[in-house]
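The values are calculated or read from the model by the stated rules, or taken from the named source; none is laboratory data. Predicted, not measured: the structure shown is a model, and the values here were computed from it. Positions of Cβ are backbone-derived with ideal geometry, glycine not excepted, and every protein chain shown enters the neighbour counts.
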Amino acid sequence: MDNFRQEMSELNYTLSSELDNIKDGSQAIFIGKVEEVVTKMSKKGNQFGIVNLMDFHGNMEIMLFSDKLEKLEQMNQEEPIAFKGRITITDFGPRINISKIMTLQEAKRETKKVKKEVQEAPPVPINLSVRLDANPNVLDMLYGLINQNRGNRPLSITIVSKLHNVVIDSAIHVDTKILAALEGNTDINVLGA
């Protein structure tokens, strides 16, 4: 692949490390060296293949149905191969529905047509540690601060007690301003922000 680094740098393609950040429904082109192709049969008797594609950031698996598998078998697998597909986000992670397999030369024309959309990284949660033993009213005070500081950052609360600490992953989202409101409070500590 190093022999093709310069040629690939001129293309607008997606690295395997970027796959998790692509929005559902976006199109993307992945380019890499085909390391392995494992062919299998579906329950309906249709052949498909799992391609292990290596790029400059790692490896990824791409599923190909029989028509695309035949196209791949006709290509020079000693050179990098480009895969164009639509990204679908599922409960099991991103899936790529391949629409086209290309050489690097063909990919040069195709990358201008593809517009991938990247989703923003999820907001970093705010983790609070709350001690109930010194001040039994601390939860009421925290509840008031949460209501005054609603926002987009997830809130995780750890209730500290003598017997056992309890972690509450709430559905509550707060603004970063809550951190300033909690400064100097000895009953509530910020564990991570």
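Among the conditions (1) surrounded by 13 or more Cβ atoms within 10 Å (Cβ to Cβ); (2) touching a Ser or Thr at 6+ places or on another chain (Cβ under 6 Å), the only one that GLU110 does not satisfy is (2). Just one residue in the set ASN46, ASN52 is assigned by TED's automatic domain parsing to the domain that holds GLU79 and surrounded by 15 or more Cβ atoms within 10 Å (Cβ to Cβ); that residue is ASN52. On inspection, LYS44 qualifies as out of contact with any strand residue (DSSP E or B) (no Cβ under 8 Å at 6 or more places or on another chain) and farther than 30 Å from ASP175 by Cβ. You will find that of ASP169, ASP187, ASP140, the residue that is charged (D, E, K, R), in contact with a strand residue (DSSP E or B) (Cβ under 7 Å, 6 or more places away or on another chain) and over 22 Å from PRO123 (Cβ atoms) is ASP187 and no other. For the residues LYS112, LYS84, the requirement of being in contact with a Phe, Trp or Tyr (Cβ under 9 Å, 6 or more places away or on another chain), under 27 Å from LYS23 (Cβ atoms) and among the charged types (D, E, K, R) singles out LYS84. Put simply, of GLY45, GLY49 the only residue that is among the small types (Gly, Ala, Ser) and closer than 25 Å to ASP24 by Cβ is GLY49. Of the residues GLU79, GLU36, which single one is of a type in the set (D, E, K, R), in contact (Cβ under 8 Å) with a residue 60 or more places away in the chain and within 24 Å of ASP2 (Cα to Cα)? After applying the criteria, what remains is GLU79. Close Cβ contacts (under 8 Å, 6 or more residues apart or on different chains) running from residues in region 1-28 that are within 14 Å of GLY93 (Cβ to Cβ) to residues that are surrounded by 17 or more Cβ atoms within 10 Å (Cβ to Cβ) and among the acidic types (Asp, Glu) comprise SER16/ASP55. Among the strands (runs of 3 or more DSSP E) confined to region 137-193, the ones with at least 1 residues that are in contact (Cβ under 8 Å) with a residue 12 or more places away in the chain and in contact with a Gly (Cβ under 7 Å, 6 or more places away or on another chain) are located at 166-174.
The residue that is modelled with the lowest pLDDT, counting only those in region 69-95 that are farther than 13 Å from GLU35 by Cβ and either among the hydrophobic types (A, V, I, L, M, F, W, C) or not assigned by TED's automatic domain parsing to the domain that holds ASN59 (or both), is PHE92. Summed over region 80-94, the residues that are surrounded by 15 or more Cβ atoms within 10 Å (Cβ to Cβ) and either closer than 16 Å to ASN52 by Cα or small (Gly, Ala, Ser) (or both) give a count of 7.
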